[in-house]
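Throughout, read-outs are computed from the coordinates displayed, never taken from laboratory work. What you are looking at is a predicted structure, and each value in this text was computed from that prediction instead of being measured. Neighbour counts are summed over all protein chains in view; Cβ atoms, including those assigned to glycine, are modelled from backbone coordinates with ideal geometry.
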Amino acid sequence: MYPDADIPVVQVSVDPHAGPLHHYNLGQSLEPLRRDNILVMGSGSMTHNLKEAFAAFRSGDRDAAVPPWVAQFVDWMENRIEAADVDALLAYRDRAPFAIENHPTEEHLLPLFCAIGAAGKDWKGHKLHGSCDLGVLSMDEYAFT
């Protein structure tokens, strides 16, 4: 992303036993680094149900149609991110459609909350890219300002 390697990067591991609020708070603690031009980046997956992904992989259809339970979750997350609705995002497991089906475990979505927390108090989320592999692995990309 930065071939001159002139942007400092901080690597932080997620705690798979701590939820979204923990990771959001962790991100908030990193927010002051932005003033020093330090990049905070979260890397995960908008959806991550490997049982369904393996079934799709066995079928050989990498471009499989996106099922409604994936599309509805992705759309809900996009709408909540664009609305900067932190409360809803932090409670996504209770509020988002098909949250458990898309994330039987949370570790692949938790970096999102760290990135949002690091974006500061008046953050805005902007979708840069959206794609879905095997019909069930959504790889959306957001920038937060």
(message) Run the reach check for K127 against aspartates and glutamates, Cα to Cα strictly under 14 Å, same-chain hits fewer than 8 apart removed. What comes back?
(response) D75, E78, E82, D140, E141
(message) Amide H of C132 versus every other amide H placed in the peptide plane: which residues, excluding those fewer than 5 positions away on the same chain, fall under 5 Å?
(response) M139
(message) Could you derive backbone 3J(HN,Hα) for region 132-145 from the dihedral phi with the Karplus parameters 6.51, -1.76 and 1.60 (θ = phi - 60°), listing whole Hz in sequence and x where the residue is Gly or Pro?
(response) 9, 9, 6, x, 10, 9, 7, 10, 6, 10, 10, 10, 10, 10
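Is it possible to state the helix-based mean residue ellipticity at 222 nm for the chain, with each DSSP H run of 4+ residues giving -39500 (n - 2.57), the sum divided by total residues, to the nearest 500 deg cm²/dmol? What is it? If you can, show how the numbers build up before the last one.
Values: 7 runs with 58 residues, N = 145.
About -11000 deg cm²/dmol.
Multiply the residue gap between S59 and L39 by 0.36 nm, knock off their C-alpha separation, and tell me the result in nm, one decimal place.
Values: separation 20, 0.36 × 20 = 7.20 nm, distance 3.90 nm.
Gain on extension, S59 to L39, equals 3.3 nm.
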(message) Using each residue's phi in region 75-83, evaluate 6.51 cos²θ - 1.76 cosθ + 1.60 at θ = phi - 60° and report the 3J(HN,Hα) Karplus result to the nearest Hz, with x for Gly and Pro.
(response) 4, 4, 4, 4, 4, 6, 5, 5, 8
(request) In nm, give the distance between the simple-model label positions of V12 and S29, each being 7 Å from the Cα along the Cα-to-Cβ direction. (result) 0.7
(message) 7 Å from Cα along Cα→Cβ at both A84 and I100: what's the point-to-point distance in nm?
(response) 3.3
(message) Using Cβ counts within 10 Å as a stand-in for footprinting exposure, how do E31, E106 rank, fewest first?
(response) E31, E106
(request) Find me the longest stretch of the chain that has none of the exposed trypsin sites (Lys or Arg not before Pro), where exposed means in a DSSP loop (not H, G, I, E or B) with at most 14 other Cβ atoms within 10 Å. (result) 1-61
(message) 5 Å is the cut-off here: which amide hydrogens, built 1.01 Å from N in the peptide plane, fall below it relative to Y142, excluding neighbours closer than 5 in sequence?
(response) L128
(message) Under the 0.36 nm per residue contour assumption, what length would be gained going from the current alpha-carbon distance of S131 and M1 to full extension?
(response) 44.9 nm
(request) Convert each backbone phi in region 34-46 into a coupling constant with the Karplus relation 6.51 cos²θ - 1.76 cosθ + 1.60 (shift: θ = phi - 60°), then list the ³J(HN,Hα) values in order as whole Hz, x for Gly and Pro. (result) 4, 5, 9, 6, 9, 7, 10, 10, x, 10, x, 7, 5
(message) Please rank V14, V136, fewest neighbouring Cβ atoms within 10 Å first, as an exposure proxy.
(response) V14, V136
(request) Please find the FRET efficiency linking D75 to T145, where r is the Cβ-Cβ separation and R0 is fixed at 30 Å, and quote it to the nearest 0.05. (result) 0.85
(message) For Cα pairs less than 8 Å apart in space and 6+ apart in sequence, what is the mean separation divided by the residue count of the chain, i.e. the relative contact order in percent?
(response) 37
